[in-house]
1. Can you show me the helix-derived [θ] at 222 nm for the chain, built from DSSP H runs with n ≥ 4 at -39,500 (n - 2.57) apiece and divided by the number of residues, rounded to the nearest 500.
2. At most 14 other Cβ atoms within 10 Å and a DSSP loop assignment: could you name the GluC sites (Glu not before Pro) in segment 1-78 that fit?
3. Connecting C-alpha atoms closer than 10 Å in a GNM of the chain, tell me which of Ala54, Ala39, Ala63 has the biggest fluctuation.
4. Given (1) 1.66; (2) 2.89; (3) 1.81, which label gives Cα Rg over 2.2 N^0.38 Å as computed from the coordinates?
5. Using only Cα atoms, tell me the angle between helix 11-24 and the longest principal axis of the chain; keep it within 0 to 90° and round to the nearest 10.
6. Let me check I've understood the local charge: for Tyr14, count other residues with C-beta under 13 angstrom from its C-beta, Lys and Arg +1, Asp and Glu -1. What total comes out?
Amino acid sequence: MSHELILNVPDPIYEPLANAAKLAGTTPEQVAVQWLEAASSGPADDPLEKFIGALRSDVPDWADQHDRYLGQALMDGDQEAKRSEG
């Protein structure tokens, strides 16, 4: 089921929306729906969110990039384990 939503969007928000739509070959409305979907299903489901701000770090973007940092650490650990085996 879907619902119609009519919004008055100020220029500073509409312009990037229209540009993204043009690049994607779609309409601003379709891009807006994609952006709303991403915003509504993003960090709310993040299991590490409760730890944001709980630890001190010299990494200023840890809160936004923790998945990338953890993934890199896992890859580095896996590569180290392979070197130890061989």
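Quick note: the coordinates plus some simple rules give every number you see, no bench work behind them. Quick caveat, the model's predicted, so the values are computed rather than measured. Glycine gets a Cβ as well: all are built from the backbone with ideal geometry, and neighbour counts include every protein chain shown.
1. Values: 3 runs with 52 residues, N = 86.
Result for the chain, helices only: -20500 deg cm²/dmol.
2. Details: sites: Glu4, Glu29, Glu37, Glu49; in loops: Glu4.
Answer in residue order: Glu4.
3. Ala54
4. For Cα Rg over 2.2 N^0.38 Å, the calculated option is (1).
5. Tilt of helix 11-24: around 70 degrees.
6. Details: positive: Lys22; negative: Asp11, Glu15, Glu29.
That sum, taken over residues with Cβ under 13 Å, equals -2.
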